[in-house]
Amino acid sequence: MRTAKPLLHGIVAVALGLGTALPAAPAAAGPPPTRAQVADNTDYGAIIDILLAAAEMGQDGVYTPLEISRLIQQMIGAVNGAKVDLLTRLNSELTNDIRARTEAAVTKVELLRVPWAAGPAINSTHDAAYVAKNHLQTVHEDDNALDAVGRAMIVLFTQLEAAYLMVDAEDGTNLAAAQRPYFRQGLEYLIQKMRRECPPRGNPNAGVITYSCSFGGRSIYVDYYPLTNTHRVNGGPMISGPVTEEAVAEMLMRDTALPLAQRALDLLISRGVPLP
């Protein structure tokens with residue numbers, strides 16, 4: 001596999017201009033959450049699988065041409081699978097700028113099939129990824145915009161990871177590792193802003209405790225009945241067993257960028273990726 005040497009001119013320059021810092025939130029402990037999927041079954045978990053595949057391939061410190069080729073093909077499929085849903089989510093006044101940059105980057109992803117033509121795709125992806133990361137600060141008070149921009153950041157940094165690994169394998173650079181701390185920083189900020197608390201209300205002696213919270217116009221409330229040790233979600237059928245505040249919050253955020261961000265963050269931390 002060959003990458004044209006001129007590809008690095010400009011790539012290295014933009015890689016060194018790594019965006020402004022975001023305040024970091026403490027990393028959450030515990031196992032990675034399950035995948036987040038949307039109603040039309042767009043599987044953003046396939047994006048996180050790219051990060052996992054890259055980590056597994058690099059355990060011996062060497063990426064073979066065949067491994068890189070497979071990673072690029074897997075990444076192109078995952079990005080194309082999420083593209084329509086992602087751009088639809090970004091279609092708002094608050095996210096117009098990042099939508100245009102994201103569309104340019106994910107549309108150019110096919111260029112990575114031909115390494116000597118990959119320069120425009122890599123530069124476009126780098127620009128869009130860091131703009132998305134910094135745009136989180138702009139949209140953090142709008143739940144749906146934050147969710148959309150968070151998804152964009154995750155997709156774009158993952159695309160950038162695969163593209164930079166392709167360059168690193170050919171030219172002996174370290175571009176992929178250099179950008180991971182900034183990805184971690186963006187993920188921690190996103191998690192901090194998206195995390196929700198669902199405190200209990202009510203009196204156990206009265207026979208019911210209610211947990212409720214909302215995000216992006218969606219609400220969830222869970223009634224727990226201590227006397228019978230049962231609960232029900234949004235007025236649905238009774239379910240045996242207790243419920244916790246954390247479980248209610250997870251139900252609410254299951255189909256958002258939050259589980260994706262947590263899964264990606266857990267992976268980066270497990271690889272020893274520091275904050276910048």
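The values are calculated or read from the model by the stated rules, or taken from the named source; none is laboratory data. Because the structure is a prediction, the values reported are computed rather than measured. Using ideal geometry, Cβ is built from the backbone for each residue, glycine included, and neighbour counts are taken over all protein chains shown. In case anyone asks, the SASA skips ligands and DNA or RNA and just uses the protein heavy atoms, side chains included. Shrake-Rupley method; radii C 1.70, N 1.55, O 1.52, S 1.80 Å.
Quick rundown of the values:
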quantity	calculated
Those residues of the stretch 222-243 which are β-branched (Val, Ile, Thr) and without any contact (Cβ under 8 Å) to a residue 24 or more places away in the chain, in sequence order	228, 230, 233, 239
Identity of the residue in the stretch 82-107, at pLDDT below 95 and among the charged types (D, E, K, R), that ends up nearest to residue 171 (Cα to Cα)	97
Residue list for the stretch 127-147, restricted to those being touching a residue at least 24 places away in the same chain (Cβ under 8 Å) and of a type in the set (D, E, K, R)	127, 133, 142, 143, 147
Residue in the stretch 109-126 that is outside any helix (DSSP H, G or I), without any contact (Cβ under 8 Å) to a residue 12 or more places away in the chain, open to solvent by 60 Å² or more (accessible area, probe 1.4 Å) and of a type in the set (A, V, I, L, M, F, W, C) present	no
Qualifying residue in the stretch 219-226 (condition: farther than 20 Å from residue 48 by Cβ, in contact with an Asp or Glu (Cβ under 7 Å, 6 or more places away or on another chain) and not assigned by the TED database to the domain that holds residue 154)	no
Answer from 144, 91 - the residue that is outside any helix (DSSP H, G or I) and over 22 Å from residue 52 (Cα atoms)	91
Filtered residues of the stretch 23-44 (kept if at pLDDT 80 or above and either of a type in the set (Phe, Trp, Tyr) or surrounded by fewer than 18 Cβ atoms within 10 Å (Cβ to Cβ) (or both))	43, 44
Test result for residue 219, of a type in the set (S, T, N, Q) and either touching a residue at least 40 places away in the same chain (Cβ under 8 Å) or surrounded by fewer than 16 Cβ atoms within 10 Å (Cβ to Cβ) (or both)	yes
Among the candidates 196, 201, 218, residue that is farther than 30 Å from residue 66 by Cβ, among the basic types (Lys, Arg) and touching a Ser or Thr at 6+ places or on another chain (Cβ under 6 Å)	201
Boolean, residue 132 is farther than 30 Å from residue 66 by Cα and under 23 Å from the mean Cα position of the chain (by Cα)	yes
Residue in the stretch 175-182 that is closer than 14 Å to residue 262 by Cα, at pLDDT 95 or above and out of contact with any Gly (no Cβ under 8 Å at 6 or more places or on another chain) present	no
Single residue of 163, 176, 169 found to be closer than 30 Å to residue 128 by Cα, open to solvent by 10 Å² or more (accessible area, probe 1.4 Å) and not in a loop (DSSP other than H, G, I, E, B)	169
Failed condition for residue 140, given (1) within 22 Å of residue 94 (Cα to Cα); (2) open to solvent by less than 30 Å² (accessible area, probe 1.4 Å); (3) in contact with a helix residue (DSSP H, G or I) (Cβ under 6 Å, 6 or more places away or on another chain); (4) not aromatic (Phe, Trp, Tyr)	(2)
